[in-house]
1. All but one of (1) of a type in the set (Gly, Ala, Ser); (2) at pLDDT 90 or above; (3) under 25 Å from Pro15 (Cβ atoms); (4) more than 16 Å from the ligand (Cβ to nearest atom) hold for Ala125; which doesn't?
2. What about Phe116, is it part of a loop (DSSP other than H, G, I, E, B), more than 19 Å from Asp192 (Cα to Cα) and open to solvent by 20 Å² or more (accessible area, probe 1.4 Å)?
3. Spot the failing condition for Met85; the list is (1) within 13 Å of the ligand (Cβ to nearest atom); (2) modelled with pLDDT under 95, and only one is missed.
4. State which residue is nearest to the ligand (Cβ to nearest atom) when the search covers only segment 47-63 and only residues that are hydrophobic (A, V, I, L, M, F, W, C), out of contact with any Lys or Arg (no Cβ under 9 Å at 6 or more places or on another chain) and outside any helix (DSSP H, G or I).
5. How many of the residues in segment 70-81 are of a type outside the set (Asp, Glu) and more than 9 Å from the ligand (Cβ to nearest atom)?
6. Can you report the number of residues in segment 88-103 which are crowded, with 18+ Cβ neighbours inside 10 Å and either of a type in the set (Lys, Arg) or more than 12 Å from the ligand (Cβ to nearest atom) (or both)?
7. List pairs: first residue in segment 15-27 and more than 11 Å from Asp5 (Cβ to Cβ), second residue open to solvent by less than 100 Å² (accessible area, probe 1.4 Å) and not polar (S, T, N, Q) anywhere in the structure, Cβ distance under 7 angstrom, at least six positions apart or on different chains.
8. What number of residues within segment 12-43 satisfy the criterion of being within 21 Å of Gly111 (Cβ to Cβ) and loosely packed, with under 11 Cβ neighbours inside 10 Å?
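The values are calculated or read from the model by the stated rules, or taken from the named source; none is laboratory data. This is a predicted model, so every value here is computed, not measured. A quick note on method: Cβ atoms are made from the backbone with ideal geometry, for glycine too, and the neighbour counts reach across all protein chains shown. All accessible areas refer to the heavy atoms of the entire protein, side chains included, with ligands and DNA or RNA removed. Shrake-Rupley method; radii C 1.70, N 1.55, O 1.52, S 1.80 Å.
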Amino acid sequence: MSSIDTLAELLAKLPGIGPRQARRIVYYLLTQNYHTLERIADAIKDLKKETKKCVECGRFFPIHSHANTECTICVNPNRDTSKLMLVEKDVDVEAFEKSGVYDGKYFVLGGTVTLFEKNPKDRLALLPLKKYLEKHGKDLSEFIFALSATPSGEETAAYVFDDLKEVLESLSVSISKLGRGLSTGSELEYADSDTIKNAFERRQ
Ligand SMILES: [Zn+2]
């Protein structure tokens, strides 16, 4: 296989990139000088070396010191520990942080699942979420489902709720989900700050 085909095949596995786009990127890269390509390659290589997954919330964060196991949000004493927001992925945390509407904690589920999937549990951080609730549940007064307003987001919310039912019922916590500000079929990461604010304020 040529290096063009190899890279195109690898890029086509990325989220939101199809085979045609992958080839477009490859041919674009070929027009760049060697130094630029080296910087891109190095940045990709450094990604894992310089990033950790937070042991509390599952978010990726840049390593400042190797002793750190928790991200800047989890160690921030000014965050409201009575609220926990469940999001699908890291970019959703970024979208909420950018909107400035939320001051509680997050938990990153790691994606969404569909009803027909064989082992949906394998792709979701349900066990770490249970551990989080067992550890911090007593401080919690609100648990917010902030999954996308898509069929898979809805199915995932139902699945998570079912799986956590016992733990949630043992805590005195109110459960809410984002309101209608977020239009049906939309993913959080593509929503602007006003839409996110709206959806958060209209949570029910
Ligand atoms: Zn964290």
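1. The number of the failed condition is (4).
2. On the way: part of a loop (DSSP other than H, G, I, E, B): yes; more than 19 Å from Asp192 (Cα to Cα): yes; open to solvent by 20 Å² or more (accessible area, probe 1.4 Å): yes.
Yes, satisfied.
3. For Met85, the failing item is (2).
4. Filtering segment 47-63 for residues hydrophobic (A, V, I, L, M, F, W, C) gives 47, 54-55, 57, 60-61, 63.
If we keep only those that are out of contact with any Lys or Arg (no Cβ under 9 Å at 6 or more places or on another chain) too, we end up with 47, 54-55.
Those left that are additionally outside any helix (DSSP H, G or I): 54-55.
Details: Cys54: 3, Val55: 8 Å.
The qualifying residue nearest to the ligand (Cβ to nearest atom) is Cys54.
5. Taking segment 70-81 first, the residues of a type outside the set (Asp, Glu) are 71-79, 81.
Then keep just the ones that are more than 9 Å from the ligand (Cβ to nearest atom); that gives 76-79, 81.
So the answer is 5.
6. 7
7. Listed by first residue and then by second, the contacts come to Ile17/Leu11; Gly18/Ala12; Ile25/Leu11.
8. Of the residues in segment 12-43, 3 are within 21 Å of Gly111 (Cβ to Cβ) and loosely packed, with under 11 Cβ neighbours inside 10 Å.
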